[in-house]
Ligand code: SF4
């Protein structure tokens, strides 16, 4: 724990002061010797907020939070089956900035920016510049939703939708709330974990007043991401009547053992968050070294079932291209 990195600064300042220098990151953690293992690709640089670094253990090269953000030479290795668009999202993109993969939900990539760059991110090669829902296409998006009465939910994603200003975010919320057929607005975000101050009063008050069900799906991979400070902000979001769910990606050497998964589910529950999905890694180019074989994942899942109450066991799924739902992993195959 690096106490001097914990600040009371507002979220915008913390966002602008995120660490992008590998030398600075390694020096803060006393891990300068790791520099020889680092490779930083041009398309996906190092980025990590100081508040997240503060939760890492000094001197521990295997810290599970560090491993998620430390660019590694293995990212350069081309592995068969690991591609730039693993979910074929380019084929499910009827309007610039909008994906329609599942019947009742559409997803808007409202920004390409994230507070943190997770090395396993399946959208790390996504061409955000050519695919943002700009004001020029906003009308087309509304028309599309109107013409698809089966759509009742819009997911704000990205990038991270909470990395845009409240002004821009509220404009989106107002627009979506004015579309009568929509009942639910969902935010997919990692910001509450990496800069908890992003859940500021202005945002929580706005979300609490929404006429739609407000669902926030956070993305937490390890219990160490939820320190007491983060916990207090998540509890405030819960108190604002926001449904809080979590999705986790199974990552080799980071969270692929039963104790880590059990601790994560228990910690999430303490914070008022229910475990929702446990994802097998999407096979994106540059992330093969995080992947695990399916059999190990299934064995881990059986162990979780034996240790956790059912409401704290996330669904084990794999996302496959052109399937109308996330595919439940067949856990009976090996048992
Ligand atoms: S915050 Fe989400 S979208 Fe951004 S890099 Fe991490 S996993 Fe990808």
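Only the coordinates and a few stated rules stand behind these numbers; no lab work does. Please read these numbers as outputs of a predicted model, since none were measured by experiment. Note: ideal-geometry Cβ built from the backbone for every residue, glycine included; neighbour counts use all protein chains shown.
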Given the DSSP H assignment, sum -39500 (n - 2.57) over each helix run of at least 4 residues in the chain and divide by its residue total; what's the result at 222 nm in deg cm²/dmol, nearest 500? -8000 deg cm²/dmol
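Full extension from residue 146 to residue 39: what is 0.36 nm times the residue separation minus their Cα-Cα distance, to one decimal in nm?
33.9 nm
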Segments 49-58, 254-263, 125-134 sorted - mean Cβ within 10 Å per residue, highest first: 49-58, 254-263, 125-134
Enumerate the whole-percent occupancy of each 5 Å bin, from 0 to the last occupied one, for all C-alpha pair distances of the range 4-115. 2, 9, 16, 17, 14, 14, 13, 9, 5, 1
Relative packing of 181-189, 30-38, which averages over residues the other C-beta atoms within 10 Å, highest first: 181-189, 30-38
If a paramagnetic tag sat 7 Å from the Cα of residue 177 along the Cα-Cβ line, which residues of the range 195-230 would have the backbone N under 19 Å from that point? 199-217
Label model pair residue 100, residue 208: point-to-point distance (7 angstrom along the Cα→beta-carbon line) in nm is 3.6
How do 191-200, 114-123, 164-173 rank on mean C-beta neighbours within 10 Å, highest first? 191-200, 114-123, 164-173
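Over all directions, what mean area does the Cα convex hull of the range 58-110 project, stated in square nanometres?
In nm², the orientation-averaged hull projection of the range 58-110 is 6.4.
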Rounded to the nearest 5, the percent of antiparallel DSSP beta bridges in the chain equals 20
Do you know the relative contact order of the range 119-225, to the nearest whole percent, from alpha carbon pairs under 8 angstrom that are 6+ apart? 26
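If the convex hull of the alpha-carbon atoms of the range 54-182 is projected onto planes in all directions, what is the mean projected area in square nanometres?
Value for the range 54-182: 10.0 nm².
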Residues 155, 40 arranged by fewest to most Cβ contacts within 10 Å: 40, 155
Rule-of-thumb check for the chain: C-alpha Rg over 2.2 N^0.38 Å? 0.97
Please pull out the direction-averaged projected area of the range 1-70, using the convex hull of its alpha-carbon atoms, in nm² to one decimal place. 4.7
For residue 7 and residue 92, what does the FRET efficiency come to when R0 = 41 Å and r is the distance between their Cβ atoms, rounded to the nearest 0.05? 0.50
Once the Cβ-Cβ distance between residue 229 and residue 269 is put in as r, and R0 is 22 Å, what FRET efficiency do you end up with, to the nearest 0.05? 0.75
Run the numbers on the chain and let me know its relative contact order in percent, using alpha-carbon pairs under 8 Å that are six or more apart. 17
